[in-house]
1. Along its principal axes, what span do the Cα atoms of the chain show, with the longest given first and each in whole Å?
2. How much of the accessible area of the chain, in percent, comes from carbon and sulfur atoms when a 1.4 Å probe is used?
3. Would you mind getting the accessible area per residue of the chain, heavy atoms of the protein chains only, 1.4 Å probe, in Å²?
4. Most fluctuating residue of Lys68, Lys27, Lys51 in a GNM of the chain with Cα springs under 10 Å: which is it?
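The values are calculated or read from the model by the stated rules, or taken from the named source; none is laboratory data. Because the structure is predicted, anything quoted here is derived from the model rather than measured. The accessibility values were calculated without ligands, DNA or RNA, using every heavy atom of the protein model including side chains. Shrake-Rupley method; radii C 1.70, N 1.55, O 1.52, S 1.80 Å.
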Amino acid sequence: MQAKLGSLQSEMEAREFEGVAASGAVKITLTGKGQLVSIALDATLLNPEEKDMLEDLIVLAHRDAKEKSDAALNDAMGALTGGIKLPAGMKLPF
């Protein structure tokens, strides 16, 4: 079980998850551990008068990527544990 958990951790660290906002105008890429890899912005969003909106879109795209990463980890952990629910607050492998 411990070897499988280590393998799962390595696999999740190597994966990347893309979050998008505004129909793809803002894209965020995170690793499986939640580290920010890149931000891609459509040039039409670079309007100083819409700075607040751009900041909000970046946050939304980050949230989208993080939710995808968390869902993938939960699916992988469910497969590893055979569907056994872990105690609340117990976060494996991270």
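1. Principal-axis extents of the chain (Cα, largest first): 53, 24, 18 Å.
2. 54
3. 66
4. With Cα springs under 10 Å in the chain, the top fluctuation among Lys68, Lys27, Lys51 is at Lys51.
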